[in-house]
Amino acid sequence: MKTTRYLIAAAALLCALATGAAAAGPEAQQKNIILATTTSTQDSGLLDALLPVFEKQSGYFVKTIAVGSGQAIAMGAKGEADVLLVHSPADEKKFIDEGNGGRRLLIMHNDFIIVGPATDPAGIKAAKSAPEAFKKIAGKKALFLSRGDKSGTHSKEKKIWETAAIDPENQPWYQQTGLGMGQTLSVAAEKKGYTLADRGTYLSLKKNLGLDVLCQGDKSLLNIYHVIEVSPQKWPKVNAAGAKAFTDFMVSASTQKLIGAFGVEKFGAALFTPDAGKSVESLGK
C-alpha cells in the first residue's frame, strides 16, 4: 500500500513539473529569438559588439546562425528564423515578394574587394573595374577561390563573372570552397589565390592573411545589408515581438553610432557605414 502511495505521489509530482514546464515554456521561448545572418557579420566581429548590448537592453537572448545570405534567407522562407540580417538584395526582394517577410530596413553597407597575393600574377591591380579584373584572372588562368555557398558574396561574384561574359565553372583554376568568408580568405591565403571578400571581414583578419587588396572602388562592389522580419502571418510560431525589438535596435541612433565606430580603434577605419533612414540609391555617391 505504501509503495502504491509513493508511486501515486511521484506521478503527481511529475505531472505538476510537466504542467509547470509547459506553462513556463512559451514565456521562456518568447525571450529567445533566432537571428539568421551572414558569416561576414560574425567573422568581422560586428555581432560580438552589438548583440550583448541588445540582449542587455531588451532582455532577449539571441541565437545566432551565421551562414551565407542565401542559406539565411532559405531559413526565413521555412519559418526557421525570426529575423534576418543579410546582404543579397535580389534574393531579399524575392523573399519579400513571396510573402515571407515583413519589414525590410536598410542597416549599413561596406564594399567588396578583390584580394590576392602581393605578386598579383594576373595583373589585376591595373584593372579599372571588377569585371575587367575577373577577365584578367581568367585570361591568366590564375587560381580563384569562390565561396560557392549561395551567400551574398557568392551571388555578387557570379554577377561579376556574368558581366565579364565568362563562365568559370568546371575550370581547373576556379575552385569552390563551400565555406564562409573568413575560412575562404584563409584558403586563398594558403593557396596564394584570388578571392572576392567583404572589406569588413578582410580587415578583421588581414594581419594573418598575407593577401593584398588589388581591386576596389567600383560602385558595383557595394555591399548592402538589410534587416528583415520573418512574416508571422505566414509562420505563426515566429517570435514577431522579438524580431521587431531587434529591428528597432538595429536602426536606432545609438546602434547606428556603434556600427559607425566599429573597427576605427583597431583598424583605423570603420568596417561598416551606418545607413538607417537612407535610400539605397544614395549609397556610394
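Exactly one residue out of Ser231, Ser254, Ser204 is polar (S, T, N, Q), at pLDDT 90 or above and crowded, with 17+ Cβ neighbours inside 10 Å: that is Ser231. Which residues, taken from the stretch 148-193, are in a loop (DSSP other than H, G, I, E, B), out of contact with any Leu (no Cβ under 8 Å at 6 or more places or on another chain) and not aliphatic (A, V, I, L, M)? Listed by number, the residues that qualify are Gly148, Lys150, Ser151, Asp167, Pro168, Glu169, Asn170, Gln171, Pro172, Gly178, Gly180. Out of the residues in the stretch 257-276 meeting the condition of being touching a residue at least 40 places away in the same chain (Cβ under 8 Å) and in a loop (DSSP other than H, G, I, E, B), tell me which one is surrounded by the most Cβ atoms within 10 Å (Cβ to Cβ). If we take residues in the stretch 257-276 being touching a residue at least 40 places away in the same chain (Cβ under 8 Å) and in a loop (DSSP other than H, G, I, E, B), then Leu271 is surrounded by the most Cβ atoms within 10 Å (Cβ to Cβ).
In the set (1) buried (at least 19 other Cβ atoms within 10 Å of the Cβ); (2) under 20 Å from Leu143 (Cβ atoms), His226 fails one condition alone, (2). Look at (1) out of contact with any Asp or Glu (no Cβ under 7 Å at 6 or more places or on another chain); (2) crowded, with 19+ Cβ neighbours inside 10 Å; (3) touching a residue at least 40 places away in the same chain (Cβ under 8 Å); (4) of a type in the set (Gly, Ala, Ser) and you find that Gly68 fails only one, number (1).
Scanning the stretch 148-175 for residues that are surrounded by fewer than 18 Cβ atoms within 10 Å (Cβ to Cβ) and touching a helix residue (DSSP H, G or I) at 6+ places or on another chain (Cβ under 6 Å), we see that the one that is farthest from Ala36 (Cα to Cα) is Ile166.
Mind listing whichever residues of the stretch 66-85 are closer than 25 Å to Gly263 by Cβ and either modelled with pLDDT of 95 or more or assigned to a helix (DSSP H, G or I) (or both)?
The first filter runs over the stretch 66-85 and keeps only residues closer than 25 Å to Gly263 by Cβ, leaving 66-69, 72, 83-85.
Within the stretch 66-85, Ser69, Ala72, Val83, Leu84, Leu85 meet the criteria.
The values are calculated or read from the model by the stated rules, or taken from the named source; none is laboratory data. Since the structure is predicted, the reported quantities are computational estimates derived from the model, not experimental observations. Don't worry about glycine lacking a Cβ; one is built from the backbone with ideal geometry, like all the others, and counts go over all protein chains shown.
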